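**Q** Sharing a structure, written as structure tokens. Questions coming.
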Amino acid sequence: MFEIRLATKNNMKQVHNLINELAIFEKEPDAVEVTVEDLITDGFGENPSFISFVAVEKEQVVGLALFYYRYSTWKGKTIHLEDLIVTESCRGKGIGKALLTEVIQYGYNEGVKRIEWNVLDWNTPAIDFYKSNGAKVLRDWDVVQLSEEGIKNYINRLNHANF
């Protein structure tokens with residue numbers, strides 16, 4: 001048995017472990033820069049940057065849904081689900097669906113117009129899971145990002161440009 005509830009500061013060490021587990025699964029084992037302290041500061045400060053639900057089984061955090069508000073110029077207030085993680089040993093128990101349901105219920109209660117997230121194109125089990133739960137996987141959009149280094153390079157080019 002597991003329970004789904006809002007995460008607390010005390011859960012952030014175990015949440016951080018899940019984030020690292022996800023990074024390994026996604027073949028990016030060295031990509032995690034966020035610290036436990038960052039999670040506490042950013043998620044539980046005066047103006048939290050995210051909201052998270054955890055799945056707890058026998059006092060261990062075995063799943064996470066971390067999301068935040070966005071604003072669509074076409075739709076209005078939306079939610080972006082940054083990560084939905086279930087530790088490998090606990091998959092297949094309904095934890096992922098319970099976490100997704102909690103986020104969707106939260107969004108419904110808040111009156112958001114859309115809940116969106118990204119999934120790697122090779123993660124077929126996740127894609128199938130999302131589709132089976134009514135999500136539409138958009139194949140005609142590409143994710144665009146500027147990394148921290150990209151941001152610095154952009155600003156440096158801007159500062160050195162001859163206008």
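**Q** Restricting to segment 133-150, give me the number of residues that are loosely packed, with under 10 Cβ neighbours inside 10 Å and in a loop (DSSP other than H, G, I, E, B). Write out each step before concluding.
**A** Restricting attention to segment 133-150, the residues satisfying the condition of being loosely packed, with under 10 Cβ neighbours inside 10 Å are 134, 136, 138-145, 147-149.
Filter once more, keeping what is in a loop (DSSP other than H, G, I, E, B): 134, 136, 138-145, 147.
Matching residues across segment 133-150 total 11.
**Q** Here's another thing I want to ask about it. Restricting attention to segment 1-46, and to residues there that are part of a helix (DSSP H, G or I) and of a type in the set (Asp, Glu), which single residue is farthest from GLU88 (Cα to Cα)?
**A** Result: ASP42.
**Q** Report, ordered by the first and then the second residue, all pairs with beta carbons closer than 9 Å, sequence separation of six or more or different chains, a first member in segment 84-101 that is free of Cβ contacts under 8 Å to residues at least 12 places away in the same chain, and a second member that is in a helix (DSSP H, G or I) and loosely packed, with under 15 Cβ neighbours inside 10 Å.
**A** If the second residue must be in a helix (DSSP H, G or I) and loosely packed, with under 15 Cβ neighbours inside 10 Å, the pairs left are ARG91/PRO125.
**Q** Any idea which of (1) outside any helix (DSSP H, G or I); (2) over 27 Å from ASN10 (Cβ atoms); (3) hydroxyl-bearing (Ser, Thr, Tyr) is the one TYR130 doesn't satisfy?
**A** The number of the failed condition is (1).
**Q** Another question about this same structure. Within segment 59-70, does at least one residue satisfy the condition of being more than 23 Å from ALA135 (Cβ to Cβ) and surrounded by fewer than 16 Cβ atoms within 10 Å (Cβ to Cβ)?
**A** The first filter runs over segment 59-70 and keeps only residues more than 23 Å from ALA135 (Cβ to Cβ), leaving 59-61.
Cutting the leftovers down to surrounded by fewer than 16 Cβ atoms within 10 Å (Cβ to Cβ) gives us 59-60.
Within segment 59-70, one or more residues are more than 23 Å from ALA135 (Cβ to Cβ) and surrounded by fewer than 16 Cβ atoms within 10 Å (Cβ to Cβ).
**Q** Of the conditions (1) at pLDDT below 95; (2) surrounded by 11 or more Cβ atoms within 10 Å (Cβ to Cβ); (3) farther than 28 Å from ASN11 by Cα; (4) not hydroxyl-bearing (Ser, Thr, Tyr), ASN153 satisfies every one except a single condition; which number is it?
**A** Unmet for ASN153, out of (1) at pLDDT below 95; (2) surrounded by 11 or more Cβ atoms within 10 Å (Cβ to Cβ); (3) farther than 28 Å from ASN11 by Cα; (4) not hydroxyl-bearing (Ser, Thr, Tyr): (1).
**Q** Check ASN109 against each of (1) within 16 Å of PHE67 (Cβ to Cβ); (2) under 19 Å from the mean Cα position of the chain (by Cα); (3) assigned to a helix (DSSP H, G or I) and name the one condition it does not meet.
**A** That leaves (2) as the condition not met.
**Q** Of the residues ILE51, ILE127, ILE104, ILE79, which single one is in contact (Cβ under 8 Å) with a residue 40 or more places away in the chain and surrounded by 14 or more Cβ atoms within 10 Å (Cβ to Cβ)? Full working, then the answer.
**A** On the way: ILE127 fails: in contact (Cβ under 8 Å) with a residue 40 or more places away in the chain; ILE104 fails: in contact (Cβ under 8 Å) with a residue 40 or more places away in the chain; ILE79 fails: in contact (Cβ under 8 Å) with a residue 40 or more places away in the chain.
Testing whether each residue is in contact (Cβ under 8 Å) with a residue 40 or more places away in the chain and surrounded by 14 or more Cβ atoms within 10 Å (Cβ to Cβ) leaves just ILE51.
**Q** Mind listing just one residue for me: the one in segment 112-127 that is polar (S, T, N, Q) and part of a loop (DSSP other than H, G, I, E, B) and, of those, farthest from the chain's Cα centre (by Cα)? Before the answer, list the steps.
**A** Here is the first cut: in segment 112-127, the residues polar (S, T, N, Q) are 118, 123-124.
From what's left, part of a loop (DSSP other than H, G, I, E, B): 118, 123.
Values: ASN118: 9, ASN123: 15 Å.
Filtering segment 112-127 for residues that are polar (S, T, N, Q) and part of a loop (DSSP other than H, G, I, E, B), the one farthest from the chain's Cα centre (by Cα) comes out as ASN123.
**Q** If you don't mind, there's one more thing I want to ask. Looking at segment 25-69 only, could you name the residues that are of a type in the set (Lys, Arg) and within 22 Å of VAL119 (Cβ to Cβ)?
**A** First, the residues of segment 25-69 that are of a type in the set (Lys, Arg): 27, 58.
The one that is of a type in the set (Lys, Arg) and within 22 Å of VAL119 (Cβ to Cβ): LYS27.
**Q** List, please: which pairs have Cβ atoms under 7 Å, are six or more places apart or on different chains, and start with a residue in segment 12-28 that is exposed (fewer than 14 other Cβ atoms within 10 Å of the Cβ) and end with one that is modelled with pLDDT under 95?
**A** Every condition considered, the pairs that remain are GLU26/LEU120.
**Q** Turning to a different aspect of this structure: If you take the residues in segment 49-89 that are assigned to a loop (DSSP other than H, G, I, E, B) and in contact with a helix residue (DSSP H, G or I) (Cβ under 7 Å, 6 or more places away or on another chain), which one is nearest to ASN123 (Cα to Cα)?
**A** Narrowing segment 49-89 to residues assigned to a loop (DSSP other than H, G, I, E, B): 49-50, 58-59, 73-75, 87.
Subset that is in contact with a helix residue (DSSP H, G or I) (Cβ under 7 Å, 6 or more places away or on another chain): 49-50, 87.
Working: SER49: 27, PHE50: 24, THR87: 15 Å.
Among them, the one singled out is THR87.
**Q** Here's something else I'd like to know. Given the residues ILE95, ILE115, which is the only one that is under 19 Å from VAL137 (Cα atoms) and surrounded by 14 or more Cβ atoms within 10 Å (Cβ to Cβ)?
**A** Unique residue meeting the criteria: ILE115.
**Q** So, ILE85, is that one surrounded by fewer than 12 Cβ atoms within 10 Å (Cβ to Cβ) and either farther than 24 Å from ALA23 by Cβ or modelled with pLDDT of 95 or more (or both) or not?
**A** no
The values are calculated or read from the model by the stated rules, or taken from the named source; none is laboratory data. Predicted, not measured: the structure shown is a model, and the values here were computed from it. FYI the Cβ positions are ideal-geometry reconstructions off the backbone, even for glycines, and counts take in every protein chain you see.
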